[in-house]
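Right, one structure below, let's go through it.
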Amino acid sequence: MGVVVVVLGSTGSIGTNTLDICKKHKINIEALSCNSKVEILNRQIKEFNPKYVCINDEKQAKNVKHTNVFVGENGMMQMLSVCKSDTVVNALVGFAGLKPSLKTQELGKKLALANKESLVVGGKFIKKQNLDAIDSEHFGLKFLLQNKTKVKKLIITASGGAFYKTPIKALKNVTPNDALKHPNWNMGAKITIDSASMANKLFELMEAYWLYGISDIDAIIEPTSVIHALVEFIDGSTTAHISRPDMRLAIAHAILKNVDNKITPHENLIGLKALKFHTINHKKYPIFTIKDMLLSNPDLGVVINAANEIAVYAFLEQKCKFLDIQKAVLKATKEHKNIKISTQDELFVIDNQIRKETKKFLGLI
C-alpha cells in the first residue's frame, strides 16, 4: 500500500495546497474534513474519492455527496478512529484543532501539523516525536538546526502584515477588509488578521519553543517574506533559510517520505529586492510586549489564544475595533499571568472561561 493520508480542514488554504501535493505525488486520500464549505468539499470528494468525510456544520451534512459522512467534533474523533492512514494533516483553524491533534497522537499516527493552536495551547501535552510542523518558519528552523554547532538563538521573521506601512494613529479606524490584504501570503481570514496584529508571530514563537526546546527565541520583520528563519550559533555564525512564500514546500516535507524533486521554483537571488530587517515596534504591535512573559510561562498559551480568537472573530463581524483585539489579549494575560496547567482537561475549562471573560470585556454579552 502506498502513502495514504487524512486531511482535516481540506477546504482551506493549507488543505487545498496539501491536496495539490497529494495529487502530484499520487498520494491517496482516505478522509477529508471541513467546517462548512460543502461545495468545495463535494468537488474534492469527486476528485479524490475519500473513504470517509466529516463536516462540522450539522446543517450542511445533508448536502455532502458521500455515503460515509461524520458530523461535528465527535464525528471527527470517530472518523479518526476508523481511519487506517499513518499520517493526519491537521489544517484546522483555531482551538478546534487541539482535540484532533491529541487524538491523532493517541492513535499513534504521524501528525503533520498546520494548526498552530495545538502547540500554543497544548504544547505541554503534544508529543514532538512523529510530528512535523507545516509552517514556513519552523520548516526553515528544522533545516538550519541540522547544523550540529551549539545553538545560541532562534529567529523567525514576520512580514509586518497588512498594516506594516500604516501609521499607528490610523489603526483605530481600519476595517476587516483592510486587515485582510496581506502583502505576501494568501491565507485564511483568521491567520491574516493574526498577521496584522502580530499575534501570529507570537504563536509561532510558542510553536518553536515546544518543537525545539529552546527558549531564546525572537522575531524580526523582513518585509519581503523571502527569509523565513535564522539561527544564531554559539560560534558567532548566523544561517538563514530562503525560499519563496509558498506553503507547498513545508507541506511536502511533512507528508512525503522523501522529497527528491522540485516542489516550488527556487528564489531568484539576482532579482531579490534589498533585504532589510527591522525590530517589531511595540507601540504598533503591543501584543508583542508579552513575548517574554509567554516564553517564561508557556501555560499562558491557552489564555492568549482564547482571548485572541474571540476578539478576532468579533472584529471580522465588525463587533469591535482592530485595536480591541490586542487590548483583549493583554487584559486576559495580565489577569491570568500566573496560570498553571497540569491536565489536558484544564485546557478546555480555562479556554471556556477566558472566552466568556473576553466576550464580556468586548460587550458581546
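The values are calculated or read from the model by the stated rules, or taken from the named source; none is laboratory data. Keep in mind that this is a model prediction, so the values were computed, not measured. Cβ placement follows ideal geometry from the backbone for every residue including glycine, while neighbour counts extend to all protein chains displayed. These accessible areas exclude ligands, DNA and RNA; they are computed on the full protein's heavy atoms, side chains included. Shrake-Rupley method; radii C 1.70, N 1.55, O 1.52, S 1.80 Å.
Separation of the stretch 177-193 from the stretch 299-336 is 18 Å, based on Cα centroids.
Across the accessible surface of the chain, with the other protein chains kept in place and a 1.4 Å probe, carbon and sulfur atoms take up 50 percent. So which of Lys276/Lys331; Lys37/Lys284; Lys127/Lys150; Lys109/Lys356; Lys152/Lys273 end up more than 26 Å apart by C-alpha? Correct reply: Lys276/Lys331; Lys37/Lys284; Lys109/Lys356; Lys152/Lys273.
For the stretch 44-180, the C-alpha radius of gyration divided by 2.2 N^0.38 Å, with N the number of residues, is 1.35.
The mean sequence distance of close C-alpha pairs (under 8 Å, at least 6 residues apart), as a share of the length of the chain, puts its relative contact order at 15 percent. Leu145 contributes an accessible area of around 40 Å² to the protein surface, as traced by a 1.4 Å probe with all chains present.
Using a probe of 1.4 Å on the protein chains alone, the accessible area found for Met76 is around 20 Å². Dividing the radius of gyration of the alpha carbons in the chain by their Kirkwood radius gives 0.95 for Rg/Rh.
Ranking of Asp194, Asp324 by solvent-accessible surface, largest first: Asp324, Asp194 (1.4 Å probe, protein heavy atoms only, all chains present).
Beyond 29 Å in Cα-Cα separation lie the following of the pairs Lys142/Lys201; Lys103/Lys334; Lys65/Lys124; Lys23/Lys165; Lys262/Lys291: Lys103/Lys334; Lys65/Lys124; Lys23/Lys165; Lys262/Lys291. Restricting the chymotrypsin sites (Phe, Trp or Tyr not before Pro) of the stretch 269-326 to loop positions (DSSP other than H, G, I, E, B) with no more than 15 neighbouring Cβ atoms within 10 Å leaves Phe277.
For the set Ser36, Ser342, Ser243, the ranking by accessible area, highest first and with no ligand, DNA or RNA atoms included, is Ser342, Ser36, Ser243 under a 1.4 Å probe.
Counted over the chain, the DSSP beta bridges are approximately 30% antiparallel.
When Val88, Val349 are compared by accessible area of protein heavy atoms, the largest-first order is Val349, Val88, using a 1.4 Å probe.
A straight Cα-to-Cα reach below 16 Å connects Lys116 with the aspartates and glutamates Asp132, Asp135, Glu137, Asp194, Glu204, Glu207, Asp299, Glu309, Asp351, residues fewer than 8 places away in its own chain not being considered. Under the combined filter of DSSP loop state and at most 14 neighbouring Cβ atoms within 10 Å, the stretch 196-299 retains these trypsin sites (Lys or Arg not before Pro): Lys257, Lys262, Lys273, Lys276, Lys283.
The stretch 247-291 and the stretch 60-110 have Cα centres separated by 28 Å. Counting only protein heavy atoms and a 1.4 Å probe, the chain has 47 square angstrom of accessible area per residue.
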